[in-house]
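The values are calculated or read from the model by the stated rules, or taken from the named source; none is laboratory data. Keep in mind that what you see is a predicted model, and the values were worked out from it rather than measured. Using ideal geometry, Cβ is built from the backbone for each residue, glycine included, and neighbour counts are taken over all protein chains shown. Ligands, DNA and RNA are stripped out before the accessible areas are found, and what is left, the full protein with its side chains, is counted by its heavy atoms. Shrake-Rupley method; radii C 1.70, N 1.55, O 1.52, S 1.80 Å.
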Amino acid sequence: MSEELLYSEPEDELRAAVADLLGARAPWTEVLARTETAEPYDADLWKALGTGIGAAGLLVPEELGGAGASLREAAVVAEELGKAVAPVPFLGSLGATALLLALPGCDAWLRRIASGEQTAAVAIPFSTLPGNGRRNTVSVTPWPPKEGITDARLTGRVTGVADALPADLLIVPADGSLYAVQAADVTRTAVTSLDMTRVLCDIELDDAPGELLAIGYSALDDALTATAAVLASEQLGLAERCLAMTVEYVKTRHQFGRAVGSYQGLKHRLAQLWVQIAQARAVARHAVSATGDERAIAVAVAQAHCSTVAVLAAEECVQMHGGIGFTWEHPAHLYLKRAKSTSLAFGTAARHRARLAELVALPPS
Amino acid sequence: MPPLTTQHDLENQIHDFLAAHDPSATDPLDFLRARFDAGLAWLHYPPGLGGQSLPRGLQPVAEQAFAAAGAPDNNPRRIGIGLGMAAPTILAFGTDEQKERWLRPLWCGEEVWCQLFSEPGAGSDLAALATRAVRDGDDWVVTGQKVWTSMAHEARWAILVTRTDPDVPKHQGMTYFVLDMTAPGVEVRPLRQITGEAEFNEVFLTGVRVPDAHRLGAVGDGWRVAQTTLMNERVAIGGGAAPREAGMIGILAEAWRTRPEVREPALHDRLMTLWVAAEAARLTGLRLSAQLAAGQPGPEGSAAKYAFATLNQQLSGLELELLGEEGLRYDDWTMRRPDTVDFVGRSPGYRYLRAKGNSIEGGTSEILLNIIAERVLGLPGEIRADKDVAWKDLPR
Ligand SMILES: Cc1cc2nc3c(=O)[nH]c(=O)nc-3n(C[C@H](O)[C@H](O)[C@H](O)COP(=O)(O)OP(=O)(O)OC[C@H]3O[C@@H](n4cnc5c(N)ncnc54)[C@H](O)[C@@H]3O)c2cc1C
């Protein structure tokens, strides 16, 4: 089992390919510039990543045109995306794919996702804690749903959805069932988001046609858990990049005739951060490897730990850069905004700790 | 607590003043000027300069009385640098003429001030600054670049530290001036912040002429004058008398009380821990303001400012966690040129981001901890190679 906490050779190769692509196509200056355009997601980059490298179909079986890989490979991609705060809908697409894989009769959808013909997202608030998908206000006719219905009608509103802006296909939880809805049939309004590199949207469904995918939400909770597991790796990558950037800076920035990194007030904090990131790596790897009962525990630990480490790393990055770290023209803020936002995604660390308390039988009272 | 008789006297004075100057019938600026002239502006300032040499602790009494009467205020958030930094420095080092000229319009909000201290190469190590001032007859000619200058785009005047003698160690060769921001050769360029707008600036000074009459303190004594500004800055940011639940903690407390849906049991203990920390910081600030004579705060101000920054960051971070989905939203990234720093009127995301500046502006938290460790606790300082070397010979 401890082998699982390492990276395999194919995983390293995948990482290198993604890193090369992002290095060439998503330097932070371009990521920053894009945040103020009408296209907050980078469609070309997503194409290169999704179909060029095959990240879109990573989880899709080979016979449907995918790579037949696991969450572990997806997590490696997420690490690199976190390092670059890249504006691509990988995480949302991954969540939708994981969901479709768990449902019967979705081969056609999966094929289109793997080929890059369609990008999918689950229409659920980004802040939803796995297991809490029921608070949704979309209603549906006919009710109750019957197997095989392809012409249901959905009406309602879902707010703060991640990665749905560039999606073509939405999987909408409504009244206890899951429906496939074409994005063209709903109204999506971009939200001014704290994370400028993963812009959320509000979705308005007004009698939108939907195809019943499944009755019940159990697959949904499972897919959310998988996505949260992979998000921990994105947070790991983000934290690593913040640490690297900061270390580089404090070595070169001099005050009082010395590199500021020579002061123990900074040096020790960076060393502590390194310790926490090393732990985040183990925790994040475990989250995408664990199975059975251990999985829920592993993911709750990962979300509680990695999100906290990412926020700390980004906050230290700003602080240790001094004035320059507080400016728009420096990348630190992109990381800070992504880190803090992901710490609210799929529930806060506090919520994950509370859930963990149940799972490991440590009740609060 | 100030003696009750003094408080009573003050209330009577304000009562009489309000009777003679009906706030609803007086032009706001005329009202503020009259308040200044009556010695009811900053009470701890000397008579003739807006005060009556009263204890600082009485200021809230006056503010409350004027606010209750619906009197106009001087929009303190717009003129914070003038009130908190320029004014106490002018008071401590200015000539009578300088005090006459600058303090009244400063307090009345007629003239905004900014602080031209930091430079690209001199932030924490302010004494390394390179902006040169060279004597030319009755003037000084100033050339250099300043950075992170808050509100320079609004300012009429600046407090400025320069290098006048490069041949002596860095702390000795500095001189402090008041600079006219409208003088030829002053160029202000916006610097955008992580919050989206540009509250601070780069300021380029090219051959700007500053009359010697605008010098504060002796030639070569700029470091000591600047220290006065910095100590006051820290008190202004972290000290002072505020009511319970003022500021960020009040925003959180309000959300928790009025919005049951944000009450996350797992966060309750953190909220209460921070509530206690905020109350402890408030009482410390109150105690500090009661101890201080005008213009002479000590290193305690550094502690207050450090506590304020830490608390503001923890509270604004917690606010986003409480709000969850709402915390993922932001109000506006547009590049703007604000004239105040508005923690209350903006979104929780703005508060979270803006609070990140609190531990950098006015001396970083690391520098403040160094000050407490070395000046309060007397711990040995870091080994330094830059103290006894002429400024011009420092490695850069
Ligand atoms: C919002 C905002 C508003 C500001 N407004 C003004 C203004 O109006 N006027 C003005 O003059 N300046 C202003 N500043 C500038 C501010 O005073 C400086 O940014 C600050 O002093 C730090 O300097 P620096 O940015 O060069 O960082 P540096 O000094 O380069 O510091 C980089 C990092 O090294 C750390 N460090 C440095 N020395 C030590 C040490 N000896 N021990 C341990 N750690 C150390 C710092 O704490 C920091 O984390 C403002 C800054 C901000 C963020």
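So which residues in segment B:52-76 are in contact with a Phe, Trp or Tyr (Cβ under 9 Å, 6 or more places away or on another chain), closer than 27 Å to residue B:361 by Cβ and in a loop (DSSP other than H, G, I, E, B), if there are any at all?
Listed by number, the residues that qualify are B:73, B:74.
Residue by residue through segment A:330-350, note down the ones that are surrounded by fewer than 24 Cβ atoms within 10 Å (Cβ to Cβ) and at the interface with chain B (Cβ under 7 Å from one of its Cβ atoms).
Scanning segment A:330-350 gives a single hit, A:350.
Among residues belonging to segment B:185-244 that are within 30 Å of residue B:285 (Cβ to Cβ) and β-branched (Val, Ile, Thr), point out the one that is modelled with the lowest pLDDT.
B:237
When you go through A:38, A:26, A:33 one by one, which is the residue that is closer than 30 Å to residue A:282 by Cβ and not assigned by TED's automatic domain parsing to the domain that holds residue A:343? Don't jump to the end; show me each part of the working.
Working: A:38 fails: closer than 30 Å to residue A:282 by Cβ; A:33 fails: closer than 30 Å to residue A:282 by Cβ.
Going through A:38, A:26, A:33 in turn, the sole match is A:26.
For (1) within 16 Å of the ligand (Cβ to nearest atom); (2) within 14 Å of chain A (Cβ to nearest Cβ); (3) β-branched (Val, Ile, Thr); (4) touching a residue at least 40 places away in the same chain (Cβ under 8 Å), each residue gets a yes or a no:
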| site | (1), (2), (3), (4) |
| --- | --- |
| B:188 | yes, no, yes, no |
| B:192 | yes, yes, no, yes |
| B:208 | no, no, yes, yes |
| B:265 | no, yes, no, no |
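Which of the residues that make up segment A:228-262 are touching a Phe, Trp or Tyr at 6+ places or on another chain (Cβ under 7 Å) and within 18 Å of residue A:303 (Cα to Cα)?
Within segment A:228-262, A:228, A:231, A:238 qualify.
Select from segment B:135-149 the residues that are out of contact with any helix residue (DSSP H, G or I) (no Cβ under 8 Å at 6 or more places or on another chain), in contact (Cβ under 8 Å) with a residue 12 or more places away in the chain and open to solvent by 50 Å² or more (accessible area, probe 1.4 Å) and list them in ascending order.
B:136, B:143, B:145
Any residue in segment B:73-81 that is surrounded by fewer than 20 Cβ atoms within 10 Å (Cβ to Cβ), at pLDDT below 95 and more than 21 Å from the chain's Cα centre (by Cα)?
no
Select from segment A:292-310 the residues that are under 20 Å from the mean Cα position of the chain (by Cα) and open to solvent by 20 Å² or more (accessible area, probe 1.4 Å) and write down the one among them that is nearest to the other protein chains (Cβ to nearest Cβ). Reasoning before the result, please.
Our first condition is that a residue be under 20 Å from the mean Cα position of the chain (by Cα); within segment A:292-310, this holds for A:295-310.
Narrowing the set further to residues that are open to solvent by 20 Å² or more (accessible area, probe 1.4 Å) leaves A:295-297, A:301, A:305, A:308.
Numbers: A:295: 22, A:296: 17, A:297: 17, A:301: 15, A:305: 15, A:308: 11 Å.
Only one residue fits best here, namely A:308.
Give the residues of segment B:368-385 that are facing another protein chain (nearest Cβ under 9 Å) and within 10 Å of the ligand (Cβ to nearest atom), sorted by residue number.
Hits for segment B:368-385 are B:369, B:370, B:382, B:384.
Return the residues of segment B:331-350 that are touching a residue at least 24 places away in the same chain (Cβ under 8 Å) and within 11 Å of another protein chain (Cβ to nearest Cβ); say none if nothing qualifies.
The answer is B:332, B:333, B:334, B:335, B:348, B:349, B:350.
Failed condition for residue B:30, given (1) modelled with pLDDT of 95 or more; (2) among the acidic types (Asp, Glu); (3) assigned to a helix (DSSP H, G or I); (4) over 14 Å from residue B:108 (Cα atoms), with all others met?
(4)
For a quick check of your reading of the model, give me the residue pairs whose first member lies in segment A:275-286 and is assigned by TED's automatic domain parsing to the domain that holds residue A:237, whose second is surrounded by fewer than 19 Cβ atoms within 10 Å (Cβ to Cβ), with beta-carbon atoms closer than 6 Å and at least 6 apart or on different chains.
A:282/A:5; A:285/A:5
So which pairs qualify, if the first residue must be in segment A:245-273 and farther than 11 Å from residue A:320 by Cα, the second must be more than 10 Å from the ligand (Cβ to nearest atom) and part of a helix (DSSP H, G or I), the Cβ gap must be under 6 Å, and the two must be at least 6 apart or on different chains?
A:259/A:251; A:273/A:243; A:273/A:313
Please work out which residue is farthest from the other protein chains (Cβ to nearest Cβ), limiting yourself to segment B:351-364 and to residues that are hydrophobic (A, V, I, L, M, F, W, C) and more than 8 Å from the ligand (Cβ to nearest atom).
B:355
Any idea which residue in segment B:115-134 is nearest to the ligand (Cβ to nearest atom), counting only those that are in contact with a helix residue (DSSP H, G or I) (Cβ under 6 Å, 6 or more places away or on another chain) and part of a strand (DSSP E or B)?
Ranking the candidates gives B:115 first.
Please determine, by comparing only the residues of segment B:327-350 that are open to solvent by less than 60 Å² (accessible area, probe 1.4 Å) and farther than 22 Å from residue B:154 by Cβ, which one is farthest from the ligand (Cβ to nearest atom).
B:328
How many residues does segment A:243-278 hold that are within 14 Å of the ligand (Cβ to nearest atom) and part of a helix (DSSP H, G or I)?
Of the residues in segment A:243-278, 19 are within 14 Å of the ligand (Cβ to nearest atom) and part of a helix (DSSP H, G or I).
Of everything in segment B:41-58, what is within 22 Å of residue B:20 (Cα to Cα) and either within 16 Å of the ligand (Cβ to nearest atom) or surrounded by fewer than 20 Cβ atoms within 10 Å (Cβ to Cβ) (or both)? Give them in sequence order.
Within segment B:41-58, B:47, B:48 qualify.
Every residue, every condition in (1) in contact (Cβ under 8 Å) with a residue 60 or more places away in the chain; (2) open to solvent by 50 Å² or more (accessible area, probe 1.4 Å); (3) outside any helix (DSSP H, G or I), yes or no:
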site	(1), (2), (3)
A:4	yes, yes, no
A:11	yes, no, no
A:15	yes, no, no
A:18	yes, no, no
A:30	no, yes, no
A:33	no, yes, no
A:40	yes, no, yes
A:46	yes, no, no
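I'm trying to understand the selection: among the residues of segment B:254-266, which are part of a helix (DSSP H, G or I) and in contact with a Leu (Cβ under 8 Å, 6 or more places away or on another chain)?
Step one: list which residues in segment B:254-266 are part of a helix (DSSP H, G or I), which gives B:254-258, B:260-262, B:265-266.
Matches in segment B:254-266: B:255, B:256, B:262.
Pairs only if they're at least six apart or on different chains, beta carbon under 6 angstrom, first in segment A:327-351 and within 19 Å of residue B:270 (Cβ to Cβ), second modelled with pLDDT of 95 or more and open to solvent by less than 10 Å² (accessible area, probe 1.4 Å); list them, first residue then second.
A:339/A:238; A:339/A:310; A:339/A:314; A:343/A:307; A:344/B:327; A:344/B:328; A:349/A:307
Just give me the residues in segment B:77-110 being more than 16 Å from the ligand (Cβ to nearest atom), in contact with a strand residue (DSSP E or B) (Cβ under 8 Å, 6 or more places away or on another chain) and either free of Cβ contacts under 8 Å to residues at least 24 places away in the same chain or part of a loop (DSSP other than H, G, I, E, B) (or both), in sequence order.
B:94
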